[in-house]
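All of the numbers you see were taken from the coordinates with simple rules; none came from a lab. The structure displayed is predicted, hence computed values, not measured ones. Note: ideal-geometry Cβ built from the backbone for every residue, glycine included; neighbour counts use all protein chains shown.
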Amino acid sequence: MNLTLKIWRQANANDKGKMVDYKISDVSPDMSFLEMLDVLNNELIEKGEEPVAFDHDCREGICGSCSLYINGEAHGPDRGVTTCQLHMRMFKDGDTIFIEPFRAKAFPVIKDLVVDRTAFDRIQHAGGFISVNTSGNTIDANAIPVNKENADDAFSAATCIGCGACVASCKNSSAMLFVGAKVSQFALLPQGRVEATDRVLNMVNQMDAEGFGNCTNTGACEVECPKGISLENIARMNREYLAASLKG
Amino acid sequence: MALDSKIPQGPIADKWTNYKNHIDLVNPANKRNIDVIVVGTGLAGGSAAATLAELGYNVKAFCFQDSPRRAHSIAAQGGINAAKNYQGDGDSTYRLFYDTVKGGDYRSREANVYRLAEVSANIIDQCVAQGVPFAREYGGLLDNRSFGGVLVSRTFYAAGQTGQQLLLGAYSAMNRQIGRGKIKMYNRHEMLDVVKVDGKARGIITRNLITGEIERHSAHAVVLGTGGYGNVFFLSTNAMGSNVTAAWKAHKRGAYFANPCYTQIHPTCIPVSGDHQSKLTLMSESLRNDGRIWVPKKMEDVKAIRNKTLKPTEIAEEDRDYYLERRYPAFGNLVPRDVASRAAKERCDAGYGVNATGEAVYLDFASAITRYGKEQATIKGLNLNDAALVKKLGQEVVKNKYGNLFQMYEKIVDEDPYNTPMMIYPAVHYTMGGIWVDYNLMTTVPGLYAIGEANFSDHGANRLGASALMQGLADGYFVLPYTIGDYLSNDIRTGPIPTDTKEFDEAEAEVRKNIDHLINNNGTHSVDYFHKRLGKIMWNKCGMARNAEDLKSAITEISELRAEFWKDVKVPGTANEFNEELAKAGRVADFLELGELFAKDALQREESAGGHFREEYQTSEGEAMRRKEFQYVSAWEYKGEPKDAVLHKEELEYENIQVKERSYK
């Protein structure tokens, strides 16, 4: 296939940035989207131009490094995948593809398509853990049985890869799906209940301090989430937050 | 320098306990005056950083990713072994130890492996306490599955995302310490050298990957948890950024590099689809619990399949060659990885490969779907003879167990593995070789430690499935925190290590010199161009089967390619900005040195053991032929060029296991 790419280029955080057009030919439908960008970058380098910077690492949809807002959707047109798992067979010969960074006040651009998502880390520093020492001197792993349904729901929430697609897709740039998933994982497990009150209060405070917007129940985040993290996690976080506020 | 593995005296089951009872400790007030650098934040580095900080040391942690949570441990799929014996199927510390030594083809260090098996059970306790959501049974207790090379079910898992869940556990432990200020986290930083002062590791030089700034960091000890070097093959299941640079710089500063040729080529990966391919994707070994591996028996069927005139589902049972079940009836589809990979290669070399390139075999879930479907139909009191219903019920069970893997496969290959068998082929996955360490996990440089995949000690010549996660966490949570204390107890009066010294000046100058060369080289080809060529040499001549002639030519070719790289590589942009090409160029420069040492090591080791298969040394049945005279660890000392590396041998002694032919028949 032959494609036209319209890519956001921005030299650094202070640069204004603009869309730049590129042509690419002989794209195989079996290529992943990032492999297509690899080909473009190799051509640019050999021509003496600057390659397009984008974040990526595992290329199997689990590390959460890759991002990209493709034709107006986080991780592009396919469902349940990250950009690195998006394949060119989703596009047609002659298509024009718009490629932009994940945009949010809390995710400043570093260069081109690379953004700074450390706000997510800081939310986790505020409470995304259970305060046990790592000495191994705990109780036997089977000492507390956990209802399978809760264990499975905790796992589903914990499969969030922290990519930020929820924030990029939300008209308010809200991080509620991300924070809700983390709060839920711990809230659903007996080990996490002990600190549940402080955890939800601290994490939500930090989320607000980072400049993420509020949730207005549009649900775009759930649709665009590559891991299918459920909106129920937001509802659970709201319940936890309300209960914690009343206690506090 | 003679190698001293520092294995404690006494019976193997008491060594670790005795050791812990007799080492020097650092009191809590003094720990506050001691700094430790941890490079890498995967399972090993992340768990070490969290535990050291919790003990009271000041930790500086470094990763090249934008968040410690993205280290490549995150991609581990199948599970983590632990000798819990929850299934009551005869597991024990000894049996895990035995399986691991045998699985490693008797090329690992007994004392280290026993300690690993001993602390394994505690890892599961620890992770559950941290909120890791392992798979559970309906009664609320933890579930297990089986992995290759063993006869018990000792693998704990969280669907196909066990590495993710364990890493998020270690990351959460780090977050707690970052929040308390005990860990200072440096993301998007790459380590480019180790700094030695008076012979001891006292710091590192890093490059800030956003600004390009070269920084000096000092500490009383340096820990490398920087993973393996599988990307020397260009195509591997490793992440794009996984690299050998930190380990290689340590090697150049005096850390011996052990058994570089021991590489794990994993049997079940998605086959290569074309020249554009940037990486390969693993399909977890756990799939071999339920998937059966086969190729057609008849060559005409193979041809018809390649012409797409025949579907695999149309081939009758009796016309299928379930070659692992045929050759290894005792372990069947669950033979260890090295054995399964070679068997796939054998069938494909004989012409039975089932895709266009002839490099693929089938992994088929049809029998498992039927078996599970009938089980569910029985439980629910439904009609066992309704084939469509049984299939539907069976597919649901398989989806619950491996759903994310099936989805990954479908997205990449565009075929539905619930209805047609998967196509798989071996790919580079893990490196058993690494920096040589003693029982304390210290390298040959005092104060420099290597943990997890970065070291060499526990897996011998072949790693068993679900043991990498175990080793990473064992090293980081439970082993290093003790052993490093013994060393640091001598540093309580040292005070902060200054960075304005000639040792730091020199190391930084060398780093800058390299970067200047790369950025001003103005050659004609991109970094990937050279990396791909290196990968081809490695795969064709140092891959699943090796011989002296190929290895000799690989050594020459790699050394020539290295010279060409330094002359002709083109790195765009400048050094003082976000510049991924520059970072890649530095990594590939190191791969080009390691690759040559790898081939040299493979040439020197005139035997077949685990992942290292020399065509000249095989039994009449085509199995690996180990040789007693090679029962040692090859630890290489850096002497300028890879060709000049000097071999040191650590003889391996087996007092608790009888060394015998490794059979899975």
Self-check item: For segment B:29-82, convex hull of alpha carbons as volume per residue, Å³
Solution: 78 Å³
Practice problem: First select every other residue whose beta carbon is under 13 angstrom from the beta carbon of B:Asp193; then total the charges, Lys and Arg +1, Asp and Glu -1. | Solution: +1
Quiz item: Treating the beta-carbon of each Lys and Arg as +1 and of each Asp and Glu as -1, no other charges, what is the dipole magnitude of chain B about its Cα centre, to the nearest 20 debye?
Solution: 940 debye
Quiz item: Considering chain A as a Gaussian network with a 10 Å cut-off on Cα pairs, which listed residue, A:Met88, A:Met176, A:Met237, attains the greatest mean-square fluctuation?
Solution: A:Met88
Quiz item: Put +1 on the Cβ of each Lys and Arg and -1 on the Cβ of each Asp and Glu in the protein assembly as shown; which of B:Asn21, B:Met544, B:Gly434 then has its Cα farthest toward the positive end of the dipole?
Solution: B:Asn21
Exercise. Just the ratio, please: alpha-carbon radius of gyration of segment B:269-428 over 2.2 N^0.38 Å, N its number of residues.
Key: 1.05
Practice problem: Express the relative contact order of chain B as a whole percentage, based on alpha carbon pairs under 8 Å and six or more residues apart in sequence. | Solution: 21 percent
Quiz item: Pairs A:Lys6/B:Lys279; A:Lys18/B:Lys184; B:Lys196/B:Lys584; B:Lys297/B:Lys380; B:Lys6/B:Lys660; B:Lys102/B:Lys279: which are spaced more than 29 Å apart, C-alpha to C-alpha?
Solution: A:Lys18/B:Lys184; B:Lys297/B:Lys380; B:Lys102/B:Lys279
Quiz item: Between A:Arg239 and A:Ser131, what is the FRET efficiency for a Förster distance of 35 Å, r being their Cβ-Cβ separation, to the nearest 0.05?
Solution: 0.95
Quiz item: Among the listed pairs A:Lys47/A:Lys105; A:Lys182/B:Lys401; A:Lys227/B:Lys311; B:Lys15/B:Lys84, which are separated by more than 28 Å between their Cα atoms?
Solution: A:Lys47/A:Lys105; A:Lys227/B:Lys311
Self-check item: Charged-residue dipole, Cβ positions (Lys, Arg, Asp, Glu), segment A:3-110 about Cα centre, Debye nearest 20
Solution: 520 debye
Quiz item: If you place +1 on the Cβ of every Lys and Arg, -1 on the Cβ of every Asp and Glu, and leave all else neutral, what size is the dipole of the protein assembly as shown about its Cα centre, to the nearest 20 Debye?
Solution: 1240 debye
Practice problem: Could you work out the mean count of beta carbons from other protein chains within 10 Å of each residue's beta carbon in B:66-79? | Solution: 5
Quiz item: Taking the Cα atoms only, what angle lies between the long axis of helix B:548-568 and the longest principal axis of chain B, rounded to 10 degrees?
Solution: 50 degrees
Self-check item: For B:Lys196, distant residues with modelled amide H under 5 Å away
Solution: B:Arg202
Quiz prompt | Listed residue (B:Ala304, B:Ala343, A:Thr138) projecting farthest to the positive dipole end of the protein assembly as shown, Cβ model | solution = A:Thr138
Quiz item: So what's Rg/Rh here for segment B:214-253, counting alpha carbon atoms and using the Kirkwood radius for Rh?
Solution: 1.05
Quiz item: How many angstrom lie between the C-alpha centres of segment B:356-396 and segment B:233-306?
Solution: 28 Å
Exercise. Can you put B:Glu560, B:Glu410 in order of Cβ neighbours within 10 angstrom, beginning with the fewest?
Key: B:Glu560, B:Glu410
Practice problem: For segment B:349-464, take the alpha-carbon Rg, divide it by the Kirkwood Rh, and send me Rg/Rh. | Solution: 1.21
Self-check item: Set of aspartates and glutamates with alpha-carbon distance to B:Lys374 below 13 Å, sequence-local pairs under 8 removed
Solution: B:Asp386, B:Glu396
Exercise. Could you tell me which of rounded, prolate or oblate describes segment A:1-68, using a ≥ b ≥ c as the square roots of the eigenvalues of the alpha-carbon gyration tensor, with rounded for a/c under 1.5 and, failing that, prolate when a/b is larger than b/c and oblate otherwise?
Key: oblate
Quiz item: According to the square roots a ≥ b ≥ c of the eigenvalues of the Cα gyration tensor, what is the shape class of the protein assembly as shown, taking rounded for a/c under 1.5, prolate for a/b larger than b/c otherwise, and oblate for the remainder?
Solution: rounded
Self-check item: Peptide-level mean, for B:174-182, of C-beta atoms on other protein chains within 10 Å
Solution: 5
Practice problem: Could you calculate, for chain B, the ratio of the Cα radius of gyration to the Kirkwood radius, expressed as Rg to Rh? | Solution: 0.96
Quiz item: What number comes out for the charge environment of B:Phe234, summing +1 per Lys or Arg and -1 per Asp or Glu over other residues with Cβ under 10 Å away?
Solution: +3
Quiz item: In straight Cα distance, which aspartates and glutamates are under 12 Å from A:Lys247, not counting same-chain residues fewer than 8 positions off?
Solution: A:Asp198
Quiz item: Taking the inverse of the average 1/r across all pairs of different Cα atoms in segment B:186-303, what Kirkwood radius in Å do you get?
Solution: 17.9 Å
Exercise. Please give the FRET efficiency for B:Arg493 paired with B:Lys567, using the beta carbon to beta carbon distance and R0 = 56 Å, rounded to the nearest 0.05.
Key: 0.65
Exercise. Taking chain B as the reference, fit the longest principal axis to its C-alpha atoms, fit the long axis of helix B:580-604 to the helix C-alpha atoms, and give the angle between the two in degrees, 0 to 90, nearest 10.
Key: 70 degrees
Exercise. Subtract the Cα-Cα distance of B:Glu661 and B:Asp414 from 0.36 nm times their separation in residues, and report this length gain in nm to one decimal.
Key: 84.7 nm
Quiz item: Which listed residue (A:Ala220, B:Ser146, A:Gly48) has the Cα farthest towards the positive end of the charge dipole for the protein assembly as shown, taking +1 on Lys and Arg C-beta and -1 on Asp and Glu C-beta about the Cα centre?
Solution: A:Ala220
Quiz prompt | Acute angle (nearest 10 degrees) that the helix B:43-55 long axis makes with the longest principal axis of chain B, alpha-carbon atoms | solution = 50 degrees
Practice problem: Would you work out if segment A:163-208 is rounded, prolate or oblate? Take a ≥ b ≥ c from the square roots of the eigenvalues of the alpha-carbon gyration tensor; rounded if a/c is under 1.5, else prolate when a/b is larger than b/c, oblate otherwise. | Solution: oblate
Quiz item: How many times 2.2 N^0.38 Å is the alpha carbon radius of gyration of segment A:118-247?
Solution: 1.05
Quiz prompt | Cβ-based net charge around B:Arg136, under 10 Å, with every Lys or Arg adding one and every Asp or Glu removing one | solution = -3
